[in-house]
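Here is the structure we will look at.
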Amino acid sequence: MSSTLAKIAEIEAEMARTQKNKATAHHLGLLKARLAKLRRELITPKGGGGGGPGELLDLPGIIEGAKDGKGRGRQVIAVARTCNLILIVLDVLKPLGHKKIIENELEGFGIRLNSKPPNIGFKKKDKGGINLTATCPQSELDAETVKSILAEYKIHNADVTLRSDATADDLIDVVEGNRVYIPCIYVLNKIDQISIEELDIIYKVPHCVPISAHHRWNFDDLLEKIWDYLKLVRIYTKPKGQLPDYTSPVVLPYSRTTVEDFCMKIHKNLIKEFKYALVWGLSVKHNPQKVGKDHTLEDEDVIQIVKK
């Protein structure tokens, strides 16, 4: 592993020495591809670590060089790759320096924060060379750079479609195929030590929540943001002839909120006995409304299942 780390350091040093301009874009793209391949060797396989559903993991602090194995950094970041949401806690008095270090370490381990996969079509084929199509103007990638990055991966036949102004990093992420895209909230602590004017500025920074852990200030805001970023939906149950149970909602991921998904979450046999459901809330026009298993529920709906 030490030889891999030495090669990584060598390439990073060469990239730092290389001026960034149109003439060097091709060379830098090649270096980035080599760096990504070496980093892949350091990414610990998934499995082991990670938490169950609804589990909050408090990971040790990430230091500079964590992605290269310092301070058990690789194990820490490997666990971060399995999370649905990352909270980065920063000191509000010196946030930017620390933020950059942590982001750099996570990036080096294939974690992309608050971003979507690049809009690039990529398909390997048996023959025909590299066919590059761009549906919009490109400021960084040209046919030569794309070919040299793919050649680094020993790919000489592929169709590549650039649907947005893409970078060499974007193309490498798509070719590597092992990137994880995770929402992230920056929690800025110690707001009791700054002025109201400074607090107003911080509130405008995207993905940030200012808090004071010592005084327990603004925890409600943080919880609200966590809920939004996790995209979870709360469904309350109502047994027949009783009031809804608002104390323990059934929590569903935003992408799976049909009545059938709800039934499967309770018990897989429930869907076999399912006749129809009565629903109160935002997802229906009438309260209650009789619905089938394909009906999509919304946050804080109330449901009553009627069995056959």
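The values are calculated or read from the model by the stated rules, or taken from the named source; none is laboratory data. Bear in mind the structure is a predicted one, so any value in this text is a computation, not a measurement. Ideal geometry is used to build each Cβ from the backbone, glycine not excepted, and the neighbour counts take in all protein chains shown.
A few remarks follow.
- From the options Asp228, Asp261, residue that is surrounded by 14 or more Cβ atoms within 10 Å (Cβ to Cβ), of a type outside the set (Phe, Trp, Tyr) and free of Cβ contacts under 8 Å to residues at least 40 places away in the same chain: Asp261
- Within region 1-20, being hydroxyl-bearing (Ser, Thr, Tyr) and loosely packed, with under 11 Cβ neighbours inside 10 Å holds for Ser2, Ser3.
- Test: residue in region 180-203 that is in contact with a strand residue (DSSP E or B) (Cβ under 6 Å, 6 or more places away or on another chain) and within 24 Å of Leu28 (Cβ to Cβ): yes
One line per residue, one yes/no per condition, for (1) surrounded by fewer than 16 Cβ atoms within 10 Å (Cβ to Cβ); (2) at pLDDT 95 or above; (3) outside any helix (DSSP H, G or I):
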residue	(1), (2), (3)
Asp200	yes, no, no
Val233	no, no, yes
Pro239	yes, no, yes
Thr247	yes, no, yes
Leu252	no, no, yes
Ser255	yes, no, yes
Lys268	yes, no, yes
Lys275	yes, yes, yes
Leu278	no, yes, yes
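- Candidates are the residues of region 81-99 that are of a type outside the set (Val, Ile, Thr) and within 17 Å of the chain's Cα centre (by Cα); the one that is farthest from Glu55 (Cα to Cα) is Lys99.
- Only one of the numbered conditions (1) of a type outside the set (A, V, I, L, M); (2) within 25 Å of Lys116 (Cβ to Cβ); (3) crowded, with 19+ Cβ neighbours inside 10 Å is not met by Pro210, and that is (2).
- Reported count of residues in region 159-179, each being buried (at least 19 other Cβ atoms within 10 Å of the Cβ), among the hydrophobic types (A, V, I, L, M, F, W, C) and in a helix (DSSP H, G or I), is 4.
- Considering region 68-100, the residues that are within 18 Å of Pro206 (Cα to Cα) and assigned to a helix (DSSP H, G or I) include one that is modelled with the lowest pLDDT, namely Pro95.
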